[in-house]
1. Suppose every Lys and Arg Cβ carries +1 and every Asp and Glu Cβ carries -1, with no other charges. What dipole size does the stretch 442-521 come out with about its Cα centre, to the nearest 20 debye?
2. If you rank HIS259, HIS529 by fewest surrounding Cβ atoms within 10 Å, what's the result?
3. Report the one residue of VAL286, GLN2, VAL222 whose Cα lies farthest in the direction of the positive end of the charge dipole of the chain (charges on C-beta: Lys and Arg +1, Asp and Glu -1; origin at the Cα centre).
4. Which ³J(HN,Hα) values, rounded to whole Hz and listed in residue order, are derived for the stretch 21-35 from phi using the Karplus coefficients 6.51, -1.76 and 1.60 in 6.51 cos²θ - 1.76 cosθ + 1.60 with θ = phi - 60°, glycine and proline given as x?
5. Over the residues of the stretch 9-99, compute the C-alpha Rg and express it relative to 2.2 N^0.38 Å.
6. Per residue of the stretch 526-541, what does 6.51 cos²θ - 1.76 cosθ + 1.60 with θ = phi - 60° give for ³J(HN,Hα)? Whole Hz please, x for Gly and Pro, Karplus curve as stated.
7. Expressed as a whole number of Å, what is the distance separating the alpha-carbon centroids of the stretch 296-351 and the stretch 443-492?
8. Roughly how big is the chain's charge dipole about its Cα centre, with Cβ charges of +1 (Lys, Arg) and -1 (Asp, Glu), in debye to the nearest 20?
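Bear in mind that the values in this text are calculations on the coordinates, not laboratory data. What you see is a predicted model; the values in this text were computed from it and never measured. Cβ: placed from backbone, ideal geometry, glycine included. Neighbour counts: every protein chain shown.
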Amino acid sequence: MQWGTILAFYGLGAAAVATSLVTLRRRLELSQAKHRSLAGHAQIARRLAAFVPSYDYDEERFFCSDGAPEKVVLHRRAGFARLSELYKARFAETIRRSSEASEDISDLQFTGAYRVPFQFSRMVRSHLPSGAFVQSSDGVTVTDLDGNRFYDLSGSYGVNVFGYDFYKEAIERGAARVRELGPVLGAYHPLIIENVKRLKDISGLDEVSFHMSGTEAVMQAVRLARYHTRRSHLVRFCGAYHGWWGDVQPGIGNPVPAHETYTLRDMAEDSLRVLRTRRDIACVLVNPLQGLHPNASAPADSALLDSARSAHFDKDAYADWLKRLREVCSEQNIVLIFDEVFVGFRLAAGGAQDYFGVRADLVTYGKTLGGGLPIGVVCGRKHLMKRFRDDRPADICFARGTFNSHPYVMAAMNEFLCQLQAPETQALYRDLDGIWNERARRLNQRLGEESLPVGVANMSSIWTVCYTQPSRYNWMLQYYLRAEGLALSWVGTGRLIFSLNYTDADFDAVADRFVAAAKAMQQDGWWWHDPAMTNKSIKRAILKEMIAHRLFSPRDQRTH
Ligand SMILES: Cc1ncc(COP(=O)(O)O)c(C=O)c1O
């Protein structure tokens, strides 16, 4: 062999080793940038989920899963029976219709099954059935089929920012404005022009596209980012929800793995390093709601196994994180997408970009922007919104949708946008955080004065309930709250959403009921706790229980 060939051979070998080392380093950096929770390891979580056995507590175990003494168990039993009687009497018609409908509505079966940790679910469903129907809304209240009025804390998944009466009027007034055209699709009603103008003004971006849901808006934003950067991967942060499309939901809930998604740790230097060094990242998706609970999934009572739920919003720290993210994305030509579908116009009239003082390349909006009707919107920089290439006619970025830009939706949206930019609404936003922070503080003070082991954390009008001492029964609070006339969404106390038309008097009524519910729950013994019990010991006990079931129990066995 000649020297030249030998040297070339060694050269190639060295290059291969160097490449492998770089690849290894990138992989290492990627794993360092993962949050250590299961939410940070989507693929592992999906695999482990398959091993969680199905079992539930029988009547005896239901009341003493934490080893409570007999006296406490008796209190719990009496409280549960009282609550159950109250539900069956007060919500009779609502419950009857709901359980009939549940046979045929898959969504109801799902939400019904996941209101509380699964071990407790069977007993709860049969004794504290949930009503899925409401007849009417008025002010900040909704009324069920039995005529019970509830303060609405569900916020209709975040849609309800200005109060239900506003949306009813927006839909009606809007419908009147487009009635002449009706549901003609494809061609536009001229109202769309004003919507586009207002959206450009609000977002500070150049172009707009209309879709039918937040999920679709996110799909389109990511697709555009991939198309223009010619890179494959999207980055989402641990725990963040961006709709139910597969690529943004790589963990539990998606039957197939998402191979082109990186789930990184929120507010972490290691994640910035990954963005700086990898060459396959097209975009970073940010759901600003995560500022309330970075790296944690949306809190739901079905996951309330113990009292480890925590939340705290530090606006400056989160704004600082977003600024740093912005810098890295600009350096690396990564598209920064703010997914404002949830927080949209709840924090500020200019949305999260305005609220945190950071500009994104693409912004998705939805929910409330539809004026009460279904919507998804992408606003973006001109060069990112283009769906074809002038020099490659067959290389397009396809996106359509039959109902996009529906005239009725455009009209209701127009009502919303006009309201948003009206002087009285701008005034409403002026001290919004001050108002909601003060309300949260007052409620926390009252709960503290009553020595109740519960408190709230908030991001403006978005609240979550946290629990201050280890317990297996915190999820019961949602049933006491309902009995006091507070309507929650199916995730229970994980998310309370207030509309901005709540007056101080309305809020005080909610606070009274909240405190009364927590007191009743305490009196009924659910928050009894052994001083030796910790969140860790609760989790450990549940894990042991699961392993025992996995190994030794037939599928339908109850735990005694
Ligand atoms: C941040 C965020 N993005 C996207 C979505 C999906 O929107 P939709 O439910 O309209 O598809 C949601 C819904 O809750 C959301 O909160």
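1. Values: 7 positive and 7 negative charges, 66 e Å.
Charge dipole, the stretch 442-521, about its Cα centre: 320 debye, nearest 20.
2. Numbers: HIS259 10, HIS529 20.
By the 10 Å Cβ count, ascending: HIS259, HIS529.
3. Of VAL286, GLN2, VAL222, it is GLN2.
4. Couplings: 5, 5, 4, 4, 5, 4, 5, 5, 4, 5, 6, 5, 8, 8, 6 Hz.
5. Working: Rg = 27.8 Å, N = 91, 2.2 N^0.38 = 12.2 Å.
Rounded to two decimals, the normalised Rg is 2.27.
6. Result, rounded to whole Hz: 5, 9, 3, 8, 6, x, 7, 6, 10, 4, 5, 5, 5, 4, 4, 4.
7. That distance is 22 Å.
8. Charge dipole of the chain: 1860 debye, to the nearest 20.
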